[in-house]
Amino acid sequence: MPSTRRLGSVRFAWPRSLTLAAALGLALMSAVQVRSQTQAETPALDELLSGVVRIKTFINPDARTTENLGHERVGSGIVIDGSGLVLTIGYLMVEAHAAEIRTNDGRSVPANVIGYDHETGFGLLQAISPLKVRPMAFGKSAEVRERDPVLAASFGGRGGLAPALIVAKREFAGNWEYLLDEALFTAPAHSDWSGAALINREGKLVGVGSLIVNDATGKGSGPGNMYVPIDLLPPILGELMSDGRVGGQAKPWLGMNAGELGGNLLVGRVTPGGPAEKAGLKRGDLILGVNGVEPKGLADLYRKIWAQGAAGVAVPLDVQQGNEKKRIDIRSMNRMDHLKLKSTF
């Protein structure tokens, strides 16, 4: 029997026996249906989507992240309480000194910069006055299953809405020393993914948009999006709101971007002024091991680095520079201490 739910005027009906290709085809057909209904009156759907807002941030002039992310950034945010607390993906607001929130009815409200967490990738802003929209309730990302229908919602109301499927729940390793044990992957790809809300069949938030990826399933199926699971937020929300960051023992950060290429781990970039650059690591170096142990992929590299101790520990990295193999001891640091962070609240 099909699994059927109704959210506003959008009806989900997905036979569990569908192949992935057929299910993706139905998702695309549903997207056309949603667009054809944009002139219809759907108050429940509009109310739900009012909690997804546009954010624009203005970054500190001396910020470390402007080279890659720019001095002004625009994306989506999700209102999560009645006071105007807005959750987004952190790269949209890290090192910001000011922010602006715009609701779907065109109101613009200045916002304070509250907090950022590198481990999850979440960021928080606070509107200076209540936004008078419906906050989005949290679902449970742990309860999401592969082939579940979902809605990807960026700012702009129904114009930013795109039905999708959960096509994978799997590990994700980013080349910026970032690792999620289990991320949510959807398809088809949504073009406005940054900070977008991933909404389950009950109309609740289960993920925050982070990336577009070339292989959503991890099995060569084609492009999709990666979402950070919402279950990672509640354990750190209090600290982010009170201190702007998560306390405790931080993981060692080296300041390098690495990726897998032809079975090798290749350094693509070293952060200017970061620990790796100071120790002599260079773009184009091959990473052979950590303290003499060869890593099995990017995720394993990070785990071996983090196993050396807390931020501040010296990480013995075995590398090949040109034709020379050498060991470089990199004095790690807390990533948060390298950034030019400034809470404006």
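The values are calculated or read from the model by the stated rules, or taken from the named source; none is laboratory data. Computed from a predicted model, the values in this text were never measured in an experiment. Quick reminder, even Gly has a Cβ in these numbers, built from the backbone with ideal geometry, and neighbours come from all protein chains shown.
Reported count of residues in segment 250-276, each being polar (S, T, N, Q) and either part of a loop (DSSP other than H, G, I, E, B) or surrounded by 14 or more Cβ atoms within 10 Å (Cβ to Cβ) (or both), is 2. Going through (1) closer than 24 Å to Arg170 by Cβ; (2) in a loop (DSSP other than H, G, I, E, B); (3) in contact (Cβ under 8 Å) with a residue 60 or more places away in the chain one by one, Tyr302 falls short only on (2). For segment 145-177, a residue qualifies if it is outside any strand (DSSP E or B), within 17 Å of the chain's Cα centre (by Cα) and of a type outside the set (Asp, Glu), and the qualifying residues are Ser154, Phe155, Asn175, Trp176. Restricted to segment 83-129, and to residues there that are among the hydroxyl-bearing types (Ser, Thr, Tyr) and within 19 Å of the chain's Cα centre (by Cα), the residue that is nearest to Met336 (Cα to Cα) is Tyr116. If only one of Leu211, Leu198, Leu180 is of a type in the set (A, V, I, L, M, F, W, C), modelled with pLDDT of 95 or more, assigned to a strand (DSSP E or B) and crowded, with 23+ Cβ neighbours inside 10 Å, which one is it? Within the list Leu211, Leu198, Leu180, the selection yields Leu198. Screening the candidates Ala96, Ala111, Ala44 for the property of being surrounded by fewer than 16 Cβ atoms within 10 Å (Cβ to Cβ) and of a type in the set (A, V, I, L, M, F, W, C) yields one hit, Ala44. Considering only residues that are under 16 Å from Gly203 (Cβ atoms) and in contact with a Phe, Trp or Tyr (Cβ under 8 Å, 6 or more places away or on another chain), look in segment 149-162 and name the one that is surrounded by the most Cβ atoms within 10 Å (Cβ to Cβ). Only one residue fits best here, namely Ala152.
The condition of being modelled with pLDDT of 90 or more, over 23 Å from Arg145 (Cβ atoms) and either in a strand (DSSP E or B) or touching a Cys at 6+ places or on another chain (Cβ under 7 Å) (or both) does not hold for Ala63. Selection of first residues in segment 311-325 that are surrounded by 14 or more Cβ atoms within 10 Å (Cβ to Cβ) and charged (D, E, K, R) and of second residues that are at pLDDT 95 or above and not in a loop (DSSP other than H, G, I, E, B), restricted to Cβ pairs under 6 Å at least 6 apart or on distinct chains, gives the following pairs, ordered by first then second residue: Asp318/Leu288; Asp318/Gly289; Asp318/Arg327. Taking (1) touching a strand residue (DSSP E or B) at 6+ places or on another chain (Cβ under 8 Å); (2) part of a loop (DSSP other than H, G, I, E, B) in turn, Gly247 satisfies each apart from (1).
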